[in-house]
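Peer 1: Just passing along the structure, written as structure tokens.
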Amino acid sequence: MIFDLHCHSTVSDGKLTPQQLLERAVERGVDVLALTDHDTTDGIPLVQKAIADNKLDIRLINGVEISTCWENKDIHIVGLHFDREHPAMIDYLTKQSEIREARAKEIARRLEKTGLVTDVYDGAKRIAGEGQIGRGHIARYLIEQGVVKDNATAFKKYLARTKVGYVPSPWPDMKSAIDVIQQSGGLAVLAHPMGYKLSGKWLRKLTVAFKAAGGDGLEAAGCQLAPPHRQHLASLAQEYELLASAGSDFHFPSSWIELGRNLYFAKGVTPIWQRWPEYAQPQEASAH
Ligand code: AMP
Ligand code: MN
Ligand code: MN
Ligand code: MN
């Protein structure tokens, strides 16, 4: 069984619609998918409808990727298998959208102050369409306006932490995200732990803080993770008694990230789906 429990659609900063994303997941042999758009679950009913209408052989788990702040850094918490209609979750994500809107306006103000570009908020909003606005849309606007040549440069020069368009993390703390996920019946996962470019010491500190805040699991498999990194994440998961999740963090078709690709764990972890009776599989026999 292939589980891909982290990906994005046009409902946040992905480039495929929820329906296109679903088709691609089916083509790539994904058996269980979680759509985890940034701070919104609005894409989920669209995927559910497409599965039902086309009688597709794939299962969907409710997902979301919540933006949080820890030690002045943006840390992402993936929520899985929760009730998306739980009032606490609805309230929380409504607040997150408001923060996103306010942050986008502040990023726009900072970028416009450089004199390099105008109408940033309206431009990014147009690109985001009905989706949740994010830095990815601002990056696309900067490309469209000829300010930068590509997405990586947009982040590196203007949008990443410490750059002129970066707004200090406006997000709530990790514990509030973990709490709302669990309150609505789900499990909370530390997203892409290697993605924060932390030293070994800081990654451990983050894992400790996540565990202390009540977190359930960490992503220990991604498309591009090198084997030593998978091993390190598996060790952290074991040491701190965290479950292991797997996700591509797919945003758009490219040659390096693909739905369902390479989502294997290093030995010794407990997959998060063992906690969901409908997906639990017999555990591999221990080597000794
Ligand atoms: P936001 O949630 O609006 O703060 O945007 C975060 C998203 O921006 C991530 O999920 C990525 O899709 C993208 N992103 C963040 N950092 C980079 C980077 N250095 N290069 C390219 N994309 C990035
Ligand atoms: Mn993203
Ligand atoms: Mn993320
Ligand atoms: Mn993501």
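Peer 1: Going by the conditions given, is Val64 away from ligand 3 (no atom under 16 Å from the Cβ) and crowded, with 23+ Cβ neighbours inside 10 Å?
Peer 2: Spelling it out, it is not the case that Val64 is away from ligand 3 (no atom under 16 Å from the Cβ) and crowded, with 23+ Cβ neighbours inside 10 Å.
Peer 1: Given the conditions (1) under 30 Å from Phe155 (Cα atoms); (2) surrounded by fewer than 17 Cβ atoms within 10 Å (Cβ to Cβ); (3) free of Cβ contacts under 8 Å to residues at least 60 places away in the same chain, which single one is not true for Glu241?
Peer 2: Condition not satisfied by Glu241: (1).
Peer 1: Test each condition in (1) under 25 Å from Val180 (Cβ atoms); (2) within 16 Å of ligand 3 (Cβ to nearest atom); (3) not in a strand (DSSP E or B) for Val47 and report the one that comes out false.
Peer 2: Checking Val47 against (1) under 25 Å from Val180 (Cβ atoms); (2) within 16 Å of ligand 3 (Cβ to nearest atom); (3) not in a strand (DSSP E or B), the one that fails is (2).
Peer 1: Could you check Ile133 against (1) in contact (Cβ under 8 Å) with a residue 40 or more places away in the chain; (2) closer than 26 Å to Leu190 by Cβ and say which number it fails?
Peer 2: (1)
Peer 1: Also: (1) more than 26 Å from Ser184 (Cα to Cα); (2) in a helix (DSSP H, G or I): which one isn't true of Thr118, the others all being true?
Peer 2: The failed condition is (2).
Any read-out appearing in this document is the output of simple, stated calculations on the displayed coordinates, not a laboratory observation. What you are looking at is a predicted structure, and each value in this text was computed from that prediction instead of being measured. Don't worry about glycine lacking a Cβ; one is built from the backbone with ideal geometry, like all the others, and counts go over all protein chains shown.
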